[in-house]
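The values are calculated or read from the model by the stated rules, or taken from the named source; none is laboratory data. In this text the structure is predicted, and so the values were computed from the model without any measurement. Methodologically, a virtual Cβ is constructed for each residue, glycine included, from the backbone with ideal geometry; neighbour enumeration extends over all protein chains shown.
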Amino acid sequence: MKELVIISGKGGTGKTSVTASFAALAKNAVLVDCDVDAADLHLILNPQIRERHDFYSGHEAVIRPEDCTACGLCETLCRFDAIQESGRTFTIDPSSCEGCGVCVEFCPAKAIDFPDRLCGEWFQSQTHFGTLVHARLGVGAENSGKLVSTVRDQAKQFAQAIQANWILVDGPPGTGCHVIASITGANAVLAVTEPTLSGKHDLLRVLELARHFKIPAFVCINKWDINPEMTGQIEAAATAAGATVLARIPYDQSITTAQINGQSVVELNNGPASQSIQTLWKNVCQKLQ
């Protein structure tokens, strides 16, 4: 079983479109969306949710009004201005509470509870290409890296149970902790970039991250023909950074049409982008066989 994580240094490079096409081309694959802050793979794969699970991380302080003596010590100690006074009572704004526990520790009346914080939920769903494990982080919630790890762990367990050939992961953009949680221990990453100066800059950052964790890195340039000169520069820079350039994908309005139809482009037609992605998939399979 091989785990491939499709990532990008920045958003909007076509990472999810490539992942959806790979889902259509792969045989016996488990699909994962690790972009828990702004998941969108489900928009193309149209999953039917089979299981739904709450995700808890950290704690939040909650004042019990019947036990609070309104001494105001908690408001004085809170560095995050999360505690507000209203008349003779105090309340805690959950969106401002950082879960540090200082108010809980020093409350003279012991009137503050410290329950686990509900930060989101994760799902196991069925698509016409197989199982999709995905998640949704709550508004303003933190710990996306922990939720990503949860999603990946669940996907691996299911993949092992059905003896899947592939785990295909739609990773988050950037180089933050959620990206690190997405790629750690994977067989390889595929970085999708675009032929712009920012695309080049952010690609090199994500390749540096993959190199740090000693993960083989492949590269493809999406919409390469809108700036052939920059495409050449990116390919040279990626090769110098130790990555393997596998394919170029031309600009093709069929990708947008496919998204509108809730499809991957390889399902829609056999146009220029579709053919390039099919070649890219074959190259990935050869490299990871």
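Being touching a Lys or Arg at 6+ places or on another chain (Cβ under 8 Å) and either hydroxyl-bearing (Ser, Thr, Tyr) or in contact (Cβ under 8 Å) with a residue 40 or more places away in the chain (or both) is the filter here; which residues of the stretch 247-257 pass it?
Within the stretch 247-257, 249, 251 meet the criteria.
Has the stretch 44-63 got any residue that is touching a Pro at 6+ places or on another chain (Cβ under 7 Å), farther than 18 Å from residue 94 by Cα and not hydroxyl-bearing (Ser, Thr, Tyr)?
No, there is no match, as no residue in the stretch 44-63 is touching a Pro at 6+ places or on another chain (Cβ under 7 Å), farther than 18 Å from residue 94 by Cα and not hydroxyl-bearing (Ser, Thr, Tyr).
Is it the case that residue 37 is assigned by TED's automatic domain parsing to the domain that holds residue 137 and not in a strand (DSSP E or B)?
So residue 37 fits the description; yes.
Can you find even one residue in the stretch 105-126 that is farther than 30 Å from residue 47 by Cβ, touching a residue at least 12 places away in the same chain (Cβ under 8 Å) and among the hydroxyl-bearing types (Ser, Thr, Tyr)?
no
Quick test for you: out of 70, 29, 39, pick the one residue that is within 26 Å of residue 223 (Cα to Cα) and among the hydrophobic types (A, V, I, L, M, F, W, C).
Every option except 39 fails the conditions.
Which ones in the stretch 61-96 are part of a strand (DSSP E or B) and of a type in the set (S, T, N, Q)?
Correct list: 84, 86, 89, 91.
Counting just the residues of the stretch 258-289 that are without any contact (Cβ under 8 Å) to a residue 24 or more places away in the chain, under 24 Å from the mean Cα position of the chain (by Cα) and assigned to a helix (DSSP H, G or I), which one comes out farthest from residue 6 (Cα to Cα)?
That would be 260.
Residue by residue through the stretch 197-230, note down the ones that are crowded, with 20+ Cβ neighbours inside 10 Å, closer than 21 Å to residue 286 by Cβ and not aromatic (Phe, Trp, Tyr).
Within the stretch 197-230, 207, 210, 217, 219, 220, 221, 222 meet the criteria.
Just a yes or no: is a residue in the stretch 73-89 free of Cβ contacts under 8 Å to residues at least 24 places away in the same chain, touching a strand residue (DSSP E or B) at 6+ places or on another chain (Cβ under 6 Å) and of a type in the set (A, V, I, L, M)?
Yes, there is a match, as at least one residue in the stretch 73-89 is free of Cβ contacts under 8 Å to residues at least 24 places away in the same chain, touching a strand residue (DSSP E or B) at 6+ places or on another chain (Cβ under 6 Å) and of a type in the set (A, V, I, L, M).
When the residues of the stretch 151-207 are filtered to those that are of a type in the set (A, V, I, L, M, F, W, C) and under 13 Å from the mean Cα position of the chain (by Cα), which remaining residue is farthest from residue 231 (Cα to Cα)?
151
Given the conditions (1) under 18 Å from residue 187 (Cα atoms); (2) without any contact (Cβ under 8 Å) to a residue 40 or more places away in the chain; (3) touching a strand residue (DSSP E or B) at 6+ places or on another chain (Cβ under 6 Å), and given that residue 244 satisfies all but one, which numbered condition is not satisfied?
(2)
Which residue, of 99, 58, is among the small types (Gly, Ala, Ser), under 30 Å from residue 169 (Cβ atoms) and assigned to a loop (DSSP other than H, G, I, E, B)?
Of the residues listed, the single one that is among the small types (Gly, Ala, Ser), under 30 Å from residue 169 (Cβ atoms) and assigned to a loop (DSSP other than H, G, I, E, B) is 99.
Listed residues 8, 21, 17; which is in contact with a strand residue (DSSP E or B) (Cβ under 7 Å, 6 or more places away or on another chain), surrounded by 12 or more Cβ atoms within 10 Å (Cβ to Cβ) and in contact (Cβ under 8 Å) with a residue 40 or more places away in the chain?
Among 8, 21, 17, only 8 is in contact with a strand residue (DSSP E or B) (Cβ under 7 Å, 6 or more places away or on another chain), surrounded by 12 or more Cβ atoms within 10 Å (Cβ to Cβ) and in contact (Cβ under 8 Å) with a residue 40 or more places away in the chain.
Since residue 177 meets every condition but one in (1) in contact with a helix residue (DSSP H, G or I) (Cβ under 6 Å, 6 or more places away or on another chain); (2) modelled with pLDDT of 95 or more, which condition does it not meet?
Only one criterion in (1) in contact with a helix residue (DSSP H, G or I) (Cβ under 6 Å, 6 or more places away or on another chain); (2) modelled with pLDDT of 95 or more is unmet by residue 177, namely (2).
Go over the candidates 98, 105 one by one and state the one that is over 19 Å from residue 53 (Cβ atoms), surrounded by 14 or more Cβ atoms within 10 Å (Cβ to Cβ), among the acidic types (Asp, Glu) and over 18 Å from the mean Cα position of the chain (by Cα).
None of the others qualify; the one that does is 98.
Any residue in the stretch 250-261 that is on the phi > 0 side of the Ramachandran plot and assigned by TED's automatic domain parsing to the domain that holds residue 17?
Looking for residues that are on the phi > 0 side of the Ramachandran plot and assigned by TED's automatic domain parsing to the domain that holds residue 17, one finds none in the stretch 250-261, hence no.
Which is surrounded by fewer than 22 Cβ atoms within 10 Å (Cβ to Cβ), at pLDDT below 95 and not polar (S, T, N, Q), of 54, 40, 35?
Answer to the check: 40.
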